[in-house]
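In what follows, a single structure is set out as structure tokens and then discussed.
The values are calculated or read from the model by the stated rules, or taken from the named source; none is laboratory data. The shown structure was predicted, so the numbers you read here are calculated from the model rather than taken from an experiment. Virtual Cβ from ideal backbone geometry, glycine too; neighbours counted across all protein chains shown.
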């Protein structure tokens, strides 16, 4: 390389083999806004497959897009059906006792749980795009809906109103879910991070399990609050209501169910052990209670259940009155929670089996399913973690397994309801505890602790927030903490000092790569965040501190001549950010230090050029494409002033 | 470079001259948290200067840190005082009419404005570290305080309570400001970006000017609301109250003041023209009104003013009762607004004259000044934009000019108050309009429009929010929009396809650098944001879309073999982010595409290593320090499979 002879403070002539930083090709504002909107709302580009197709093909594709059943049903075979039949029957045997249990968790009549396992799965068969999701009521959404409505209306004294509000909330949940999908705002559920979900689910599992102490201990007068403190007070202030018969029965079946769960975890091919255990427990305990007339020995039983399929409930929806705010709030919260569960489950199994689940489409499917459900006596449903896993393990091939389950539930509703008369409530409690214990994921929590202490703090906030305050506040607090972290990262971006890795033109973090060495006379900093109004003050101070520290340590005869800012990681900049460089240039000039920018990205260089009409700080002699080229060029420019540097940087210069 | 002969799908032997990515040296959690806290709360490292000093020196430095006057007063000379005397007298001539006007803007008795120009400047002389700041009441904080308290209490019928609430709000403003400084939370004011401030100040200027129509037109029954609509309604429904004498006087003095302002803008050395104009206008108009007995011709005058310096007002502070919430809210909002103005002004002039203003220390100074002020009949004060500029232009050298101004105001309070009896209110209105018109910065707004459309939207939101809704909501809306933008940037990070710049080993954005070319068989993507829970879903979908598009365009016989993710711009990662790479590896494996990471930064590589115990995706053969090395190494590994690539990438290989 031919060294330039001009002084670096004048407009140096740039050697022709140094690569210039150029502004990106011009794009119009309209096109930019369009691109931005597309990336924000249509990152998956759903219309891609329609491009260049003939009209009738487009119509077919459109119908298939709206009704995914049209994609797989035409090729449906008896072989596939055999698989779906087995898995459908398996999840039905789980769905019936769980449906009854979860409805009780939501303080709803047990039969509503079965209604909700009948219609929604059928809707999902037509609209859903996951092949593994087993649809029905789930524990967390049931718990939250029950506890939120209980805050205003009592399920025991105002039963009819309570049911009305539950259906109305379900309608709003569905509306909210479908709206998220249609408006393509699905990314809102992304704000429930893994850490939040793990903490939240563990907290919910504890709360749900504690609630079951009512059935497990046979207590009749139990608190209606959800927090750990009122529940424990209820338990220990009502020891006179404890029933030893109930406790014995509870311990026995809880042990049985946990053992079955343990076996299936150890040997996944024995999935049917844990899948069948709840139904088996219900059957055995019902026969046992019937035989010993348990209801006369302090064992509480379900009692008479209605027979027949779902009655219409559209007339029960309440869109006016005092409780409208409550139903909307409950709808949004249970809607977001059930959506998160459904989408997460769908994505997990789609990844395992290598097909794709479209998040926004799933939201519409789940939302529409809940809206339909709310008109036929169903409460909020989604894809369940536990039952979907069983469905997958049992070999489900398409959404048809949901239809099989649905028909089985229908048969139950029509003919088998009287059989549940003597089912003891304690068994339902044991089934719930066994199901929710699976939501406590200690090893995932430990991994988070190992990886990221702040994430772990978020997890703990969700966990303790749910246990000690309430489900909603626990969730809100942890989401708030996560967003605060993002803002803090933006406000306090990292700046890192780079050094040269010997015998290369690579520059890396001096602290990270121990072999890297400083280049005398240069301070090379990498800014690792977008620059905006929230961090320019900090960056200004931090960079000046780097400069002062550097000036303090210079013991050689070569003082600091140049600050090189490596901008590869500055993905965007706003108007305040532009002013940072103006001010920095000014401050450094007073110290006779030059400011050089390396590899500003498209958006950044464009804005800097626009703002710098006087051509003060964004001109070719202060802009380089790589740190190596910047150091080489500036070194040769400085040569006249400081001949001692020549040797040290010669190796680099020749490599460029 | 000796090409490796192993297949790229097996654990390739890494040539020894390829640079390895290593995890950073181990640091303990405690040390990390300490560093993080230091960067968050002490980015300026205020204790640096104490290091290694003897004890008595430390004490002196400590005293100087708390009382900056000790830094400059020992070296204070008569020469400096001469400069400060001139500038002090100049700003006093501006401060007296402005003080009276701004107090009226806050619906407070005019004399409170003078009280506030007497004590607070003296406090600032001792505690403040800016040499140019001229302290006293300012228009925006006056307007906001007046309008917020008026929402609950009428300044005309409940005058005493109104004054009590104003002093109490001032106390809370000071407390809040000092607390921000002590807790080192100064970065909160950084969230008021330049765009917000420009829009907000322009909106406030419009609102303030409209309010002056009351005095300018001589209307006696005027609305108490601030919005543009009720004000215009007041103006045009009360045409019968318009007084032509007042209007004439108003137009004359407004013209005079605007002319003076225009002259000083054109010729900055004539700064004294606009600085002296308000006082001159007050004197001339007072004499004129007195001469023609204007009060009998519909010209409203100030009337009798109390004489004497500030009475104590600590007993007027109200820390209980119905209005406590209002005073706290008013305190926080006026506190944050006046702080922003004071700090921004201080920083601007510090940059021009190359000294440093410590943000957190200034907050404590301004906060303490307001707390003291509230006990001696002062309302909220800070460094004023307009008067500080005059101070600077008049040659102020130290904070002593504030003391000169303060003494001048004291003399006025003691002896000259009766002279203001006949001052017409219309002149005060003209003075306010002239002052606030300077807050409308069209050229800055145009620059923002040119640079960043979203920032301009924020500006418009602030402007129209202030004009049509209210000062607080305008501010809150625009801050909310700015934060929303940050979150959106995090949720939808940019991914960019890189290409090779011919005859180098530099890889840059293909869209930006037109000469860059794709490397066949490789998809090289750069991720330009931290990876976290809020964006993993998007990134996963987006990267797969890149892959699918790439697979679709491959017309040569060489299919996509490898996705290279350039991670230099990924400054941090959380636990959800780690799972992205696991899933991506899995999905790509099913397509027989390898995933390779380039230059993950310290935090990222460390977390990936920790999470990848099975050594599935973070191992030496999938990790490179530069894209060039990755392409070279992988190409030689692929050679056996696709000999056609050899030539194209040979140039790169030899360069590495």
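At a glance:
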item	result
Test result for residue A:107, surrounded by fewer than 24 Cβ atoms within 10 Å (Cβ to Cβ) and assigned to a loop (DSSP other than H, G, I, E, B)	yes
Check on residue B:479, touching a residue at least 24 places away in the same chain (Cβ under 8 Å) and within 7 Å of chain A (Cβ to nearest Cβ)	no
2 or more residues in contact (Cβ under 8 Å) with a residue 40 or more places away in the chain, out of contact with any helix residue (DSSP H, G or I) (no Cβ under 6 Å at 6 or more places or on another chain) and closer than 30 Å to residue B:573 by Cα: qualifying helices (runs of 4 or more DSSP H) within segment A:137-220	A:194-211
Which listed residue, of B:398, B:423, B:408, B:412, is over 29 Å from the mean Cα position of the chain (by Cα), closer than 28 Å to residue B:67 by Cα and touching a residue at least 60 places away in the same chain (Cβ under 8 Å)	B:408
Residue in segment A:492-507 that is farther than 22 Å from residue B:22 by Cα and within 14 Å of another protein chain (Cβ to nearest Cβ) present	yes
Qualifying residue in segment A:604-620 (condition: more than 11 Å from chain B (Cβ to nearest Cβ) and not in a loop (DSSP other than H, G, I, E, B))	yes
Filtered residues of segment B:580-602 (kept if more than 7 Å from chain A (Cβ to nearest Cβ), within 23 Å of residue A:445 (Cα to Cα) and out of contact with any strand residue (DSSP E or B) (no Cβ under 8 Å at 6 or more places or on another chain))	B:582
Qualifying residue in segment B:452-468 (condition: modelled with pLDDT under 85, crowded, with 17+ Cβ neighbours inside 10 Å, part of a helix (DSSP H, G or I) and within 20 Å of the chain's Cα centre (by Cα))	no
Index of the failed condition, residue A:486 passing every other in (1) free of Cβ contacts under 8 Å to residues at least 60 places away in the same chain; (2) surrounded by fewer than 21 Cβ atoms within 10 Å (Cβ to Cβ)	(2)
Residue list for segment B:42-59, restricted to those being touching a helix residue (DSSP H, G or I) at 6+ places or on another chain (Cβ under 9 Å) and in a helix (DSSP H, G or I)	B:48, B:49, B:50, B:57, B:58
Breaking point among (1) modelled with pLDDT of 85 or more; (2) within 14 Å of chain A (Cβ to nearest Cβ); (3) under 41 Å from the mean Cα position of the chain (by Cα), for residue B:547	(3)
Criterion (more than 26 Å from residue B:274 (Cα to Cα) and part of a helix (DSSP H, G or I)) met by exactly one of B:62, B:88	B:62
Members of segment A:563-602 that are surrounded by fewer than 20 Cβ atoms within 10 Å (Cβ to Cβ), out of contact with any helix residue (DSSP H, G or I) (no Cβ under 9 Å at 6 or more places or on another chain) and in a helix (DSSP H, G or I)	A:589, A:590
Test: residue in segment B:547-561 that is touching a strand residue (DSSP E or B) at 6+ places or on another chain (Cβ under 6 Å), in contact (Cβ under 8 Å) with a residue 60 or more places away in the chain, more than 21 Å from residue A:455 (Cβ to Cβ) and buried (at least 16 other Cβ atoms within 10 Å of the Cβ)	no
Segment A:515-543 - residue that is within 7 Å of another protein chain (Cβ to nearest Cβ) and out of contact with any helix residue (DSSP H, G or I) (no Cβ under 7 Å at 6 or more places or on another chain) and, of those, farthest from residue B:20 (Cα to Cα)	A:541
Subset of segment A:21-42 that is under 19 Å from residue B:509 (Cβ atoms) and either modelled with pLDDT under 75 or surrounded by 13 or more Cβ atoms within 10 Å (Cβ to Cβ) (or both) - its residue that is nearest to the chain's Cα centre (by Cα)	A:39
Condition met for residue B:305 (touching a residue at least 12 places away in the same chain (Cβ under 8 Å) and more than 20 Å from residue B:95 (Cα to Cα))	no
Test: residue in segment B:428-446 that is away from every other protein chain (no Cβ under 14 Å), surrounded by fewer than 20 Cβ atoms within 10 Å (Cβ to Cβ), over 28 Å from residue B:475 (Cβ atoms) and touching a residue at least 40 places away in the same chain (Cβ under 8 Å)	no
Members of segment B:233-274 that are outside any helix (DSSP H, G or I) and either touching a strand residue (DSSP E or B) at 6+ places or on another chain (Cβ under 6 Å) or closer than 17 Å to residue B:285 by Cα (or both)	B:243
